[in-house]
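**Q** Take this structure first; my questions come after.
The values are calculated or read from the model by the stated rules, or taken from the named source; none is laboratory data. Note that this is a predicted model, so its numbers are computed, not measured. Backbone-built Cβ (ideal geometry, glycine too); neighbour counts: all protein chains shown.
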Amino acid sequence: MDAVSIAVPTPAHAAIARDLIEAGLHVLIEKPITDSVDSANAITDLAEQKGTVLQVGHIERFSAAYRTLSEIIVDPLYFESYRIAPWKERGVEVDVVLDLMIHDIDMIIGLVGSPVSKVDAVGTPVLGQRIDLANARISFESGCIANVTASRVSYKTERRMRVFARNHYLSCDLGERRISGYRLRGDPMVDGLAAIAAEKYEIPQEDSLGNEIESFLECIVSGKKPMVDGRAGCEALRVASLINESINEQLQMVQERFGAVAPPRG
């Protein structure tokens, strides 16, 4: 056996991954990489020491929609993402930030390509003991801002993202695999006239999970770095943890002032 895929509840990720990496096995680990930044860094350090492939299963990065966005977007200024889903018992061992929002956190970090400088967030438990609804404002050193919303208390499932850049706007429906937008053509300062052109992009029908597994196997054979390696998984988790810290501070303040909301379980 050369490689293993870890798809167990998040709290068990770190211990299982550590044992497998110690044994010299390549590991594809479901997102989030672990449930704490310290343990994520520890298994990433270990994989680098052992020379094994550690890939994190942020599946949206392997979608045709993400690949298309990454080819189109240049110097983004502002993101809006909206990811909602019906309540399910599966995944409630972690909050909505680690369950759903981390998909968009990872995608946006990958598309912006600049370090995160600040995080502000609000959220609340609704049906469970942990955060079920969250909204975060993520600031990047480049000046880009991302407003990210996630909820697991909804009648329907939606995965949408809007991207704004200079003279360019994109709307992406990740669920329906549709990308459209508008682009300013020409320069009114030079030509005296500019036109706004509508754009639509064809998104091929692909199996994102299949792409993810193929990429993992290719990295094992070729020795190249995974698109979502341990460090990328650690960064997505770090930002998610900052979001949760901000939410918990907000809830604590509300509880102290009004006694209305109990802080979520850790």
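**Q** Would you check if there is a residue in the stretch 71-85 being within 14 Å of G233 (Cα to Cα), hydrophobic (A, V, I, L, M, F, W, C) and within 21 Å of the chain's Cα centre (by Cα)?
**A** Within the stretch 71-85, not a single residue is within 14 Å of G233 (Cα to Cα), hydrophobic (A, V, I, L, M, F, W, C) and within 21 Å of the chain's Cα centre (by Cα).
**Q** So which of G113, G128, G123 ends up being over 18 Å from S241 (Cβ atoms), buried (at least 16 other Cβ atoms within 10 Å of the Cβ), in the same structural domain as V163 (by TED's automatic domain parsing) and of a type outside the set (A, V, I, L, M, F, W, C)?
**A** Being over 18 Å from S241 (Cβ atoms), buried (at least 16 other Cβ atoms within 10 Å of the Cβ), in the same structural domain as V163 (by TED's automatic domain parsing) and of a type outside the set (A, V, I, L, M, F, W, C) holds for just one of G113, G128, G123, which is G128.
**Q** Please indicate, with yes or no, whether at least one residue in the stretch 25-33 is in contact with a His (Cβ under 8 Å, 6 or more places away or on another chain), in a strand (DSSP E or B) and either in the same structural domain as K225 (by TED's automatic domain parsing) or surrounded by 13 or more Cβ atoms within 10 Å (Cβ to Cβ) (or both).
**A** Within the stretch 25-33, one or more residues are in contact with a His (Cβ under 8 Å, 6 or more places away or on another chain), in a strand (DSSP E or B) and either in the same structural domain as K225 (by TED's automatic domain parsing) or surrounded by 13 or more Cβ atoms within 10 Å (Cβ to Cβ) (or both).
**Q** Looking at the stretch 34-80, which of the residues that are free of Cβ contacts under 8 Å to residues at least 40 places away in the same chain and not assigned by TED's automatic domain parsing to the domain that holds P226 is surrounded by the fewest Cβ atoms within 10 Å (Cβ to Cβ)?
**A** E71
**Q** In addition: Identify all residues within the stretch 195-217 that are closer than 20 Å to S180 by Cα and in contact (Cβ under 8 Å) with a residue 60 or more places away in the chain; write none if there are none.
**A** Y201, I203, P204, Q205, E206
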